[in-house]
């Protein structure tokens, strides 16, 4: 671990900001509120420090400029022991992305959070190219984000959770039907990765492959894939394109699920 990094001990407060990745889509608890890796990290931290307070300002669909405008100042004002920042991929997925502007927003967010919090946590995004080959065209932009994250981590003594290097996320079973949000098991593994980066003993091997899936015959495999592709096109890709054409976002009208520092419970 980088010698500059000093893990707060104890961690009495944790704030997470970002987009759907941090909000917790699609780890559905069944009550309309998503859980996700940040909630799981907060629960684990609270086992060590029962008085831990936690806020999650992340909202699905947000661009990094919106995260900076809406979430940065409230998060910095909380002056938490631990703060996490993940964002920028929604920008990269959009045509005409201004990558320089994205990197500038991330830089300013990191500077502000590092100055106001005990420790900043950043991420290398998951590499989805093996699972979604069409994403290869976006990878040079993702690689640029990773470079910026590494530079910021060196400048501010931040912890970097490297998800890009781990091949376990190539398994489609860790992803929801929309193919861009993690399942409950996917979020659990990210939570373990974050805790490991913070120096906690792992409760499980988050890098371990999932058990082998039951074998399918060629016809059954093709039929299942055709049905999955059709469901994805109609249920997810078409609505995403429609939102882009109409200037709307999946996060419109959505409020943060934990806007204030409150006890985990």
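A short reminder: the numbers here are calculations on the coordinates, not readings from a lab. Since the structure is predicted, the reported quantities are computational estimates derived from the model, not experimental observations. As a convention, Cβ positions derive from the backbone with ideal geometry for all residues, glycine included, and neighbour counts pool all protein chains shown.
For an R0 of 25 angstrom, estimate the FRET efficiency from the Cβ-Cβ distance between residue 97 and residue 131 and round to the nearest 0.05.
Computed FRET efficiency for residue 97 and residue 131 comes out at 0.70.
With a 10 Å Cβ neighbour count serving as the proxy for reagent exposure, in which order, fewest first, do 103, 109, 97 appear?
Least to most surrounded, the residues fall as 97, 103, 109.
Given a 10 angstrom Cα cut-off, can you work out which residue in 204, 20, 84 is the most mobile in a GNM of the chain?
204
Would region 5-78 count as rounded, prolate or oblate if I go by the C-alpha gyration tensor, calling it rounded below 1.5 in a/c and otherwise prolate when a/b exceeds b/c, oblate otherwise?
The shape class here is oblate.
With springs only between Cα atoms under 10 Å apart, run a GNM on the chain and tell me which of 201, 104, 23 wobbles the most.
Evaluated over the chain, the most mobile residue of the options is 201.
Hey, what number do you get for the chain at 222 nm if only DSSP H runs of n ≥ 4 count, each worth -39500 (n - 2.57), divided across all residues, to the nearest 500?
On the way: 10 runs with 108 residues, N = 265.
Dividing the helical sum by the residues of the chain leaves -12500 deg cm²/dmol.
Could you tell me how many degrees, from 0 to 90 and to the nearest 10, lie between the Cα long axis of helix 218-232 and the main elongation axis, the longest principal axis, of the Cα atoms of the chain?
With both axes taken from Cα atoms, the answer is about 60 degrees.
Could you state the number of Å between the C-alpha centres of region 90-114 and region 32-62?
About 24 Å separates the Cα centre of region 32-62 from the one of region 90-114.
By the gyration tensor of its Cα atoms, with a ≥ b ≥ c the square roots of the eigenvalues, what is the shape of region 45-117: rounded for a/c under 1.5, prolate for a/b over b/c, or oblate?
prolate
Against the longest principal axis of the chain, how steep is helix 99-116, in degrees 0 to 90 to the nearest 10, with axes from Cα atoms?
The answer is roughly 40 degrees.
Quick one: angle between helix 139-156 and the longest Cα principal axis of the chain, in degrees between 0 and 90, rounded to 10, please.
Between the helix axis and the principal axis of the chain, the angle is about 10 degrees.
Assuming a ≥ b ≥ c are the square roots of the Cα gyration tensor eigenvalues, decide whether region 1-128 counts as rounded (a/c under 1.5), prolate (otherwise, with a/b larger than b/c) or oblate. Walk me through the intermediate numbers first.
Details: a/c = 1.84, a/b = 1.25, b/c = 1.48.
Oblate shape, in that a/c is at least 1.5 and b/c is the bigger or equal ratio.
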